[in-house]
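What follows is a set of notes on a single structure, which appears directly below.
Each reported figure results from applying straightforward, stated rules to the coordinates on display, with no laboratory input. This structure is a prediction, so every number in the text was calculated from the model and none was measured. Backbone-built Cβ (ideal geometry, glycine too); neighbour counts: all protein chains shown.
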Amino acid sequence: MTLNIDEEQDVSVTKGMIRAEFNFWVGIVMDKFYDGLQEKKFIGTKCSKCGKVFLPPRNRCGDCFAKAEDFIDLPETGILKNFTVTTYKISERKTRNVKKDQIVGLVQIDGADSAMVVPVININPEDLKIGMKLKVVWAKNIKGDPNDIAGFEPIGGV
Amino acid sequence: MANVQPAVISAGFCEHASKRSDVNMAELVNEAVEDCLNKAGSVEWKDIDYVINGNMPAFEGANMPELWMTDHMAAKNKPLLRVTTGGTTGGSVFVSGYYAVASGLYDMVLAVAFEQQSCGNTTVGLASVALGELSIYPSLGYEATRLRRNMGAGAAIGVASYQAMNYMRRSKATEEDLARVVVQNRRNAAKNWWTHLKMPTITIEDVLDTPYISYPLRFGMVCPASDGACAVLFTTEEKAKQIADIPVYINGVGSYANEPAIIGVDCGGAGQTDPCEQLGAVKSAELAYSQAGISFPNKEIDYAEVYSPFPNQELQWVERVGLFEPNSAPEAYLNGVTALNGEMPVNCSGGVNSTNAIGASAMERPAESALQIMGKAGNQVPKTVHTALGHGWGGAINLISHVVMADEPQRKFK
Amino acid sequence: MDKVAIVGFYQVKPGLDIMMSPYEMLFEATRGALDHAGLKRDDLSTVIGCNNDYYDGKTISNCFKVEAGGAYMKDESKVEMDGAHAMMYGLMRVLSGNHKLAMVYGISMPSCFPYESARILETDPTFDRPINILNGYTAGGMQMRAYLNAFGISEEDIAKVAAYNLKNAAKNPLALPEAQKTNISVDEVLNSELLSAPLRKLMYPVLCDGVTAVILAPERQARKITDKPVWITGVGHFNDTYYLGDRDLSSCSSMEKAAEKAYKIAGINDPKSEINVAELFGHTACEDLILAEAAGLADKGKGLSLINTGKLNPSGGTMAGYTPAANGLTRIVEAVKQIRGEAEGHQISGANKAIASGQVGFCAQNNIVYVLEGGE
Ligand SMILES: [Zn+2]
């Protein structure tokens, strides 16, 4: 941790930072999803009751409170449900304006009923359209975690 | 006012372990919720009309995780409230479950408390309880450079060893007395399905053979850090009678706040100088007993679950909540009064000393007490339990929860 | 629902960086609320705090707020959501009959913590957090796009709402001075920096340090304490799923359900005509409209008309200064002031029935709404 105390001010200001490392267990179904990413594949789950398909997978359906532990292979393509363009990067420490457009999209993979918040790349913000078809671009170095999704790009360019 | 008598109809757990790496937080919680609903007879998840959740926020590094876990707690399109009070969290969530029903606003309330400590660093999390109070250091004359060294004393073990010293001075309890409590807890835990440290053959010598962590507490006396979750279902007296064979009525609740105690020798907090005095626990118990119409807790209560990560605390709490005369608990433990077949069984679940998923621990106390009244506990006492208590503490040993339950409702007098 | 009243309240004047310790600030609010109600600390029987360990940078942040919060040797607890959620717990405690006087406070000091970073910790740690592009800005941006697209509304309309809020804030003596903009134009809002398109900086509230406290009492006690009790006649609380892709972001189903429940309890059949004032906790200017529509104050997509009536956020709403963990309580206090006829500078004449709301989560996942009424 770091600590500095400013005695000059009327109010003594102390700034501290405690480093704490966290590692999250990904769980029953996300484990399979991560494994799928390693093979450049999307693996979702299906609700055993209503049949809704979730990607990223979850092991319970919120509408039915039923198990969703049946795995289902999903394609690499989907549609853009919503998007926003920001120049801000917010980390676990601070908010920075990186002065570079990043497109954040809500992408629904074909055959899935849920959507994921992922980067949209290789397109100008002006050309974005809700409902457009997209395809995943995999990262150069596949590590088996969500950052293997480098982003989604429009199918066949724009 | 509402005049509703809340009752517990079901309690569920997930299996506790040091690393539940097979599940994520949401799935861990889901296991307890499912277990609770499976044991709740005709109640379905759709019948639940209020959900309350809590854990120690800094331990997993997730802020308001229940928002993300909504679907796993059957909380979609239902009200969801987050209550957290440190180690007391589970007890506070339990108490808020009571109030959600007692208010007359809701009549099927699910309360869930959990902790997946293997996700984070608990000691760093706890150190920030004290180190958040950085402003105190300059005024005490401490140099910033010394802080890192002091962090060890700021965690739970630091405060517990002062408490132990104070208690041992008052009661003349020995290290052997402390070890005896540990042995009773861990042997009990071996008979309860969901617990973490199961040690059916542990002896006092085994405990005393382990090295000191912080005098007088030895490694073998300290609670483990567990992953686990607990869920409890509350409803009204009328509904409980239809659903449960033996509804457990919550007749008194108290959750007093004291000044924060000294945390470690170098840390902030100026209030209590003797952390085993525990006025908050005494007053919480008094309030709960008066609501429940209990005048002689040592005679009228059949079973107790107290929150004691460290063995000295178990001795201290059973006295402070009125089950034993001051300083007499070590003798009671020696004479088997608190054993499974004793007159006043305590912590037959194995207690926090055997399983400590911090956010869940204080809920597991009243939950286990309720199961003892229902006759469904994992390590059921042979005698019939009519009245039982569940206690919890947290914060800088200044936040208390105290719940009194019975198989008969206590009509509130207005 | 039995009658419970708000009998006292106090809001610390917010600031970008209040030169006070959190405990001094909290003490000012709790002492202020007791003085306002003419009560002593001894009269209190329970205290419910609302603060967030990540915002306070401290595990179990309520354990050091015991003394300043007035909770020493009181039946205490803490809700870690919004102040409005804490009031729900306080209300439950009073309704149970166990407690006759409850103090509820909400506190945070954004000058001491990076609020947007703390929100990152709310995301799904198994997917959204490693990818790290879902945050307060981007969620707000997507929500605004969904709303604009669903109803064919222009960015200019949202800018009008932002300007309306900031002008209202100028009339509110307890608004953050930096948010009080008497002469702000719609163009100024439209030309402000983009946070996450189409969401702009002046459509997003300014964070500020603050505390708000209220005191609740059941009917019998309330009538003895004050001549102007404000009754809580209805409350609704609902939570939606976390996943943005599962929700219709152009509306807010948890707010719809919460309002429906609150109106049912309060016996309100036509909120459009019956509600005089709405103090809603919208996280952006756009969300103010979405919540107002969800609460039935306007038809879907027609929320903009509310700014002509003036009954939406006369205090400036969240845009008048946003204190996390206290904002919902501030909205409630503003509604209470309107009903008591004490809203200096921004009083709606004849206000007698108001709603106030609080929320947590991305795109208002978890909403709670109160119906407040004056008179007998
Ligand atoms: Zn389903």
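Take every DSSP beta bridge whose two residues both sit in chain B; close to 70 percent of them are antiparallel. Site-free segments of chain B were taken between GluC sites (Glu not before Pro) in DSSP loops having at most 12 other Cβ atoms within 10 Å, sites themselves excluded; the longest one is B:144-414.
Residues C:D209, C:D187, ranked from the fewest to the most other C-beta atoms within 10 Å, line up as C:D187, C:D209. Normalised by residue count, region C:15-153 yields a Cα convex hull volume of 174 Å³ per residue. Does anyone have the angle between helix C:285-294 and the longest principal axis of chain C? Alpha-carbon axes, 0 to 90°, nearest 10? Tilt of helix C:285-294: around 70 degrees. Each 20 Å bin from zero holds the following percent of Cα-Cα pairs in chain C: 32, 60, 7. Exposure proxy for A:E92, C:E122: other Cβ atoms within 10 Å of each Cβ, ordered fewest to most, give A:E92, C:E122.
Under 18 Å of direct C-alpha separation, and excluding same-chain neighbours fewer than eight residues apart, B:K376 reaches these aspartates and glutamates: B:E15, B:E34, B:D35, B:D245, B:D302, B:E305, B:E364, B:E368, B:D407, B:E408.
Close amide H partners of A:D70, meaning residues 5 or more places away or on another chain with modelled amide H under 5 Å apart, are A:K46. The mean number of Cβ atoms from other chains found within 10 Å of a Cβ in peptide B:97-106 is 6, as a whole number.
Sorted ascending by nearby beta carbons within 10 Å, beginning with the fewest, C:S45, B:S161 become C:S45, B:S161.
With R₀ set to 22 Å, the beta-carbon distance separating A:K140 from A:K94 gives a calculated FRET efficiency near 0.20. Its convex hull of Cα atoms gives region A:28-154 a direction-averaged projected area, equal to a quarter of the hull surface, of 8.5 nm². The value for region C:88-224 of Rg(Cα) / (2.2 N^0.38 Å) is 1.39. Just checking the listed ones, A:V117, A:V98, A:V26: in the Gaussian network model of chain A with Cα springs under 10 Å, the one fluctuating most is A:V98. Scalar couplings 3J(HN,Hα) for region C:241-248, obtained by applying the Karplus form with A = 6.51, B = -1.76, C = 1.60 to θ = phi - 60°, are 5, 6, 5, 4, x, 8, 10, 8 Hz; x denotes Gly and Pro. Screening chain B for whole DSSP H helices of 24 Å or more along their axis (Cα) with average Kyte-Doolittle hydropathy at least 0.5 returns none.
Considering amide H positions built from the backbone, and no H for Pro or chain starts, which residues 5 or more places from C:G282, or on another chain, come under 5 Å of its amide H? Those lying under 5 Å, H to H, from C:G282 are C:T318.
Compactness of the protein assembly as shown was expressed as the Cα radius of gyration divided by 2.2 N^0.38 Å, which yields 0.90.
For chain B, the Kirkwood radius over C-alpha pairs fed into Stokes-Einstein at 20 °C and 1.002 mPa s yields D = 102 µm² per second. Partners of A:K40 within straight-line reach, counting lysines whose Cα lies under 23 Å from its Cα and excluding those fewer than 8 residues away in the same chain: A:K32, A:K52, A:K81, A:K133, A:K135, A:K140, A:K143. With θ taken as phi - 60° and the Karplus curve 6.51 cos²θ - 1.76 cosθ + 1.60 applied, the whole-hertz 3J(HN,Hα) list for region B:395-400 is x, 8, 6, 10, 10, 10 Hz, x standing for glycine and proline. Couplings for region B:346-351, taken from phi via the Karplus curve 6.51 cos²θ - 1.76 cosθ + 1.60 with θ = phi - 60°, read 10, 6, 6, 5, x, x Hz in order; Gly and Pro are left as x.
In chain C, the calculated helix contribution to ellipticity at 222 nm averages -10000 deg cm²/dmol per residue, counting -39,500 (n - 2.57) for every DSSP H run with n ≥ 4. Per-residue mean of foreign Cβ neighbours for A:103-112 is 3 (Cβ atoms of other chains, 10 Å radius). Within a straight-line Cα-Cα reach of under 18 Å, C:K181 can be paired with the following lysines, leaving aside sequence neighbours fewer than 8 residues apart in one chain: C:K13, C:K160, C:K167, C:K171, C:K201.
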